[in-house]
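Okay, structure first, notes after.
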Amino acid sequence: MTGDQRVGPPSAGSERETLRAFLDFHRATLAMKCEGLTDEELRQRSMPPSTLSLLGLVRHMAEVERAWFRRVFEDNDAPMVWSDEIDFQAAYDASASTRDEAFTAWEAEVAHSRRIEQAAESLDLTGHQPRWDEKVSLRMVMVHVLLEYGRHNGHADFLREGVDGTVGA
């Protein structure tokens, strides 16, 4: 990994500024954990029988971004990126994937998510979560996605260390 280029969240800011900044910080963390690795290294699995890899995490987070922003606030029927069904596990199998494929999809979904969040008048905006068949607020979605990144960036720490011994932020 090269130098840490992430922008940290504000020490004092509005709820929305803070949530947005923490999300962007965690998005940047996932990207940073993948820096400087080949496609083969990005596909390296944690341990059998798991298919978990850094590239699988990037693919999974593309699905998470789509499921929680696009499908909730724009198109409840938008297809998932890597499965015909709502199968988040399908994204983890990155055995035939490349950095270019995974990052192109993930970056596109992050851009959609940012656009949706920035266009919303407030965090109280509600959308329909089709998997739960109930309304959820933008606030809840942002917190949920932030928790997803936090959990999976912990996985990314261990995966990166397993690939080349790199540890740290």
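The values are calculated or read from the model by the stated rules, or taken from the named source; none is laboratory data. All figures in this text were calculated on a predicted structure; none of them were measured in a lab. Note that each Cβ is placed from the backbone with ideal geometry, even for glycine, and that neighbours are counted across all protein chains shown. In case anyone asks, the SASA skips ligands and DNA or RNA and just uses the protein heavy atoms, side chains included. Shrake-Rupley method; radii C 1.70, N 1.55, O 1.52, S 1.80 Å.
Here are some notes:
- Residue in region 124-133 that is most open to solvent (accessible area, probe 1.4 Å), counting only those that are touching a helix residue (DSSP H, G or I) at 6+ places or on another chain (Cβ under 8 Å) and part of a loop (DSSP other than H, G, I, E, B): ARG131
- Enumeration of residues in region 26-43 that are within 14 Å of ALA96 (Cβ to Cβ) and either basic (Lys, Arg) or at pLDDT below 95 (or both): ARG43
- Any hit, region 27-43, residues being assigned to a helix (DSSP H, G or I), on the phi < 0 side of the Ramachandran plot and in contact with a Gly (Cβ under 7 Å, 6 or more places away or on another chain): no
- Exclusive hit being in a strand (DSSP E or B), of a type in the set (Val, Ile, Thr) and crowded, with 16+ Cβ neighbours inside 10 Å, set VAL136, VAL141: VAL136
- In region 111-140, the qualifying residues are those that are touching a Lys or Arg at 6+ places or on another chain (Cβ under 9 Å) and β-branched (Val, Ile, Thr), and the one that is farthest from ALA78 (Cα to Cα) is THR126.
- Residue count for region 103-121, restricted to those that are in contact with a Leu (Cβ under 7 Å, 6 or more places away or on another chain) and either in contact (Cβ under 8 Å) with a residue 60 or more places away in the chain or basic (Lys, Arg) (or both): 1
- Only one of GLY56, GLY127, GLY154, GLY150 that is more than 13 Å from the chain's Cα centre (by Cα) and not hydrophobic (A, V, I, L, M, F, W, C): GLY127
- The set of residues in region 46-61 being surrounded by fewer than 21 Cβ atoms within 10 Å (Cβ to Cβ) and either touching a Gly at 6+ places or on another chain (Cβ under 8 Å) or at pLDDT 95 or above (or both) consists of SER46 alone.
- Residues of region 73-123 satisfying the condition of being more than 15 Å from LEU30 (Cβ to Cβ), open to solvent by less than 20 Å² (accessible area, probe 1.4 Å) and in a helix (DSSP H, G or I): ILE116, GLU117
- Extreme residue, farthest from LEU19 (Cα to Cα), among residues of region 146-169 that are of a type in the set (A, V, I, L, M) and part of a helix (DSSP H, G or I): VAL163
- Among (1) within 24 Å of ILE116 (Cβ to Cβ); (2) of a type in the set (D, E, K, R); (3) open to solvent by 70 Å² or more (accessible area, probe 1.4 Å) - the single one ARG66 does not satisfy: (3)
- Among the residues making up region 28-45, those that are open to solvent by 10 Å² or more (accessible area, probe 1.4 Å) and charged (D, E, K, R) are GLU35, ASP39, GLU40, GLU41, ARG43, ARG45.
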